[in-house]
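What follows is a short report on a single structure.
What follows draws every value from the coordinates through simple rules; no lab data is involved. What you are looking at is a predicted structure, and each value in this text was computed from that prediction instead of being measured. Cβ atoms come from the backbone with ideal geometry, glycine included; neighbour counts cover every protein chain shown.
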Amino acid sequence: MSNQLVRVGIIGCGNIGADHVDRVANQVSGSRVTALFDVATERAQELATKVGAVALATAPEVINHPDVDAVIIASPGEFHAALTLECIAAGKPVLCEKPLAPTVEECETVVAAEQAAGRRLVQVGFMRRNDVGYRHMKENLDRGNIGEALIVHCEHRNPDVPDSFTSEMSMTDSVIHEIDTARWLLGEEIVRVRVIAGKQTPNAAPHLNDPQLVILESESGVLVSVEVFVNAKYGYDVRCEIVGSNGVTSLGSQDLGQYVSNIQRNVTMPANWRIRFGDAYRAEIQDWINGIHAGESRGANSYDGLCATAVAQAAVRAVKTGQTVNVTVPEKPAFYA
Ligand code: NAP
């Protein structure tokens with residue numbers, strides 16, 4: 001594989017799938033797109049024509065195509081587990097967008113199948129691990145620059161969401177990123193979760209709690225506060241700070257630029273996740289391709305995907321019941337060490 005391009009098949013050509021098609025074809029090195037599938041067949045065909053790939057009639061045809069070495073799954077979450085299992089059966093590396101699956105049981109099936117296959121093939125699309133700011137924070141913590149982590153503060157603000165968005169989706173679609181980031185930064189599991197909805201914005205649909213405050217607790221007792229506010233209006237704003245025993249580390253400026261005029265400083269914010277994390281997605285895909293060339297597994301694995309779903313599902317129960325919910329995850333298999 002080392003001197004050849006990795007031939008990538010992509011399933012799901014919506015928001016992020018179409019972006020990944022462009023990244024694999026045009027923005028990273030060592031890869032090309034060879035086959036696509038989407039239930040919206042015209043969307044897949046249009047993209048395939050742009051990048052010189054074929055649009056196939058079903059997802060299994062993409063996975064099992066002789067000109068496909070590796071697969072990206074970017075269809076809606078409910079299809080992720082079955083497609084990932086099919087990639088494992090075909091012995092092909094797969095980058096599955098988050099979530100690995102909406103239920104813990106499905107995630108467990110993937111973890112079991114991957115171990116039975118005896119090869120680490122699955123990466124989950126938690127791209128914040130590839131964001132420069134988060135990587136600096138992790139380096140500062142791991143090098144002991146701020147002492148021991150005590151508290152993590154996170155904010156996750158979107159300008160707006162469609163009316164179909166629910167309080168539970170704030171956990172499964174948005175906070176799941178902070179869940180994975182907290183596990184990765186701290187190197188610990190999350191064991192408890194609580195969700196509080198206080199004063200609400202007038203800008204949210206009546207069925208949606210917005211904002212919500214999520215309190216995650218790690219094994220060693222580190223508290224992680226996550227403000228999730230999906231109708232924040234002013235821009236896409238993700239913040240994170242770790243408070244340690246000897247210092248603090250936080251994400252740097254998210255500004256896209258600023259100007260000063262009329263004794264005012266004007267700052268341009270990212271409008272959405274695509275802009276804010278564009279470099280991180282690119283780095284994620286490049287790292288995945290490099291890993292395939294090197295025969296290595298990198299990034300968030302199936303077990304990480306399972307743990308993130310377990311915490312997100314506990315957060316959904318916390319939203320519904322107003323109670324603190326304990327999280328139980330199976331012990332990490334040596335296979336994922
Ligand atoms: P989207 O815009 O709705 O795209 C999904 C695409 O898959 C649509 O074209 C949809 O067609 C198609 N589709 C539906 N059923 C399918 C099936 N059975 N097989 C193949 N394709 C199917 O959604 P999205 O925003 O791109 O999200 C896709 C996935 O990526 C989700 O799991 C989401 O959580 C994840 N995501 C991750 C990030 C991140 O930051 N890592 C960001 C965005 C999204 P129709 O429109 O005709 O249904």
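Would you mind ranking 227, 296 by Cβ crowding within 10 Å, fewest neighbours first? Show your work: numbers first, answer last.
Working: 227 17, 296 10.
Listing 227, 296 from fewest to most nearby Cβ atoms yields 296, 227.
For segment 140-215, calculate the relative contact order in percent as a whole number, restricting contacts to Cα pairs under 8 Å that are 6 or more residues apart.
Working: 47 pairs, mean separation 20.7, N = 76.
Relative contact order for segment 140-215 comes out at 27 percent.
For segment 1-98, what class follows from the C-alpha gyration tensor (a ≥ b ≥ c being the square roots of its eigenvalues): rounded when a/c is under 1.5, otherwise prolate if a/b is larger than b/c, else oblate? Each step should come with its number before you reach the end.
Values: a/c = 1.42, a/b = 1.05, b/c = 1.35.
Rounded.
At 0.36 nm per residue, minus the direct Cα-Cα distance, what do residue 32 and residue 136 gain on full extension? Give it in nm, one decimal, please. Could the numbers behind the result be given before it?
On the way: separation 104, 0.36 × 104 = 37.44 nm, distance 3.05 nm.
Full extension from residue 32 to residue 136 adds 34.4 nm.
Would you mind getting me the FRET efficiency between residue 320 and residue 294? Use the beta-carbon distance for r and R0 = 45 Å, nearest 0.05. Write down the numbers at each step before the final one.
Numbers: r = 44 Å, r/R0 = 0.98.
With R0 = 45 Å, the Cβ-Cβ based efficiency is 0.55.
How large is the charge dipole for segment 188-250, taken about the Cα centre, if only the Cβ atoms of Lys, Arg (+1) and Asp, Glu (-1) carry charge, to the nearest 20 debye? Don't jump to the answer; show the numbers that get you there.
Details: 5 positive and 8 negative charges, 65 e Å.
Rounded to the nearest 20 debye, it is 320 debye.
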Quiz item: Length gain on complete extension for the stretch residue 57 to residue 271, per 0.36 nm per residue less the alpha carbon to alpha carbon distance?
Solution: 73.6 nm
Self-check item: Inter-label distance for residue 39 and residue 116, nm, one decimal - labels placed 7 Å from Cα along Cα-to-Cβ
Solution: 2.7
Quiz item: When 199, 50 are ordered from fewest to most other Cβ atoms inside 10 Å of their Cβ, what list results?
Solution: 199, 50
Practice problem: Quick one: compute the contact order of segment 219-285, relative version, from alpha carbon pairs under 8 angstrom and 6+ residues apart, as a percent. | Solution: 25
Quiz item: Using 7 Å Cα-to-Cβ label points, what is the residue 148/residue 261 separation (nm, one decimal)?
Solution: 5.2
Practice problem: Just need the Rg to Rh number for segment 297-337, please, alpha carbons only, Kirkwood Rh. | Solution: 1.10
Quiz item: List the lysines whose alpha-carbon lies under 20 Å from that of residue 233, not counting same-chain residues fewer than 8 positions away?
Solution: 199
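Under the definition of Cα pairs under 8 Å and six or more residues apart, what whole-number percent is the relative contact order of the chain? Don't skip to the answer; put the middle values down first.
Values: 697 pairs, mean separation 66.3, N = 337.
20 percent.
Using r as the Cβ-Cβ distance of residue 90 and residue 328, and R0 as 35 Å, what FRET efficiency do you calculate, to the nearest 0.05? Write down the numbers at each step before the final one.
Details: r = 32 Å, r/R0 = 0.91.
Working from the Cβ atoms, E equals 0.65.
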Practice problem: At a Cα cut-off below 25 Å, give the lysines reachable from residue 50, other chains included and same-chain residues fewer than 8 away excluded. | Solution: 92
